[in-house]
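Here's the structure, in structure tokens; my notes come after.
The values are calculated or read from the model by the stated rules, or taken from the named source; none is laboratory data. None of these values were measured; they are calculated from a predicted model. With ideal geometry, Cβ positions are generated from the backbone for all residues, glycine too; neighbour counts draw on all protein chains shown. Accessible surface areas use protein heavy atoms only, side chains included; no ligands, DNA or RNA. Shrake-Rupley method; radii C 1.70, N 1.55, O 1.52, S 1.80 Å.
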Amino acid sequence: SHYGQRAYLLGGWAATCKGLLAFLTSPALGALSDVIGRKWLFFACVLGTAAPYAVLGLGASLDTHLILLGLSGLLSATFPLAFAFIADSVAPQQRASAFGATIGLGLGGAFFVGPALGATIDELLGTSAVFKACVAVTAFNAAFAVVVLHEPPSRGRLTWSELLRRSNPCRSFTGLLVASRPMRLLSVITLFYYLALWGFLANKGVYARRRFQLTSRETAAQLSVFGAVSSLSQTAGLSAARKVASEAQIARACFACAMGAMLIYGFATDSRLLYPAMALLGLSVGGFATVSSLCSQVVPHALVGEAQGVIASMKALMEGVGPLAFAW
């Protein structure tokens, strides 16, 4: 309502800036975490990811929010660093389930609780209170990361020249992607999957509100369906699937669920059809966890953080290209 018809385009430009910056910085952050440690880089990424929304609780304008949303790509390697943390202590054959649990309990749980809680706060206390709650959650999250997370064993000291070399974003692409065929295949899969997915996610909210006149309560309910299904599928679902299917087969099934969700959303004539679409979208989230697990198994352990950063950068590139392409 604030930007009118420009909402699609401005949101697309902000997402494009975020995606391009994340594309450049995620491999560098992952590579640096392999040599200087993960904890404080993870802490910085938590703050950088939450900042665009937390500042709204501090009275910032929507223009400031969009600018920070674009710049947040500089510190958007939260999941790659979390996956690298897991890879430090979990056996390769268990990583898909561990990655899935991280996404399910984190992202899925947040979508299950957050929208309903936000809608309730909005109705009782007003919109500004929602974003003030975001500030409080961000502060708690940052404190939790500092106090609870423990750094893996020391990786040794490096010279400044070596640190600069490892933080060069081009190094990861010219090194890992040129030398490793499995990494090239996983990167291409990630690119095409997220081109469609990010274009869908960036525009579905505005589309659904305008076509079906959804209320904030209905939107929250749909996101809660996504969160609940995502949480279950990423925890118990992935563990059960691994007993009867390979990780490649699981990934294909997840991508098929995403395609089904987009088809339902595109052809729906009743808002009630959007609920099964969001459920299918929740089932699809396991694709990223499975691809990330495969990624951690095809490179040496010393390069796991860097490899996770490369996959995340492909995802982030499409986070920028997809919304803008579909916004036009």
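Observations
- Cross-link reach list, aspartates and glutamates versus LYS39, counting only Cα pairs under 12 Å and skipping chain neighbours closer than eight places: GLU151
- Over region 213-307, the fraction of Cα-Cα pairs per 10 Å bin, rounded to whole percents and listed from the shortest bin up, is 16, 39, 28, 13, 4, 0.
- Percent carbon-and-sulfur accessible area, the chain, ignoring ligands, DNA and RNA, probe 1.4 Å: 71
- With eigenvalues of the C-alpha gyration tensor scaled by 5 and rooted, region 218-263, Å: 23, 14, 5
- ARG184 - accessible surface, heavy atoms, 1.4 Å probe, Å² rounded to 10: 100
- TYR265, TYR207, ranked by accessible area, largest first (probe 1.4 Å): TYR207, TYR265
- Efficiency of FRET from Cβ geometry, ALA91 and TYR207, R₀ 41 Å, rounded to 0.05: 0.45
- Per residue, the solvent-accessible area of the chain (1.4 Å probe, heavy atoms of protein chains only, all protein chains present) comes to 47 Å².
- Pair-distance distribution of the chain: all C-alpha pairs, bin width 10 Å, starting at 0; shares per bin in whole percent are 6, 24, 37, 24, 8, 1, 0.
- Look at the alpha carbon pairs under 8 Å that are at least 6 residues apart: their mean separation over the length of region 249-289 gives a relative contact order of 57 percent.
- Placing dummy labels 7 Å off each Cα toward the beta-carbon, the span from ALA139 to LEU125 is 1.2 nm.
- The Rg/Rh ratio for region 3-50, using Cα coordinates for both the radius of gyration and the Kirkwood hydrodynamic radius, is 1.17.
- Once C-alpha pairs closer than 8 Å and six or more residues apart are averaged by separation and normalised to the residue number of the chain, the relative contact order reads 37 percent.
- Pairs of alpha carbons in region 274-323 whose separation is greater than 18 Å (percent): 46
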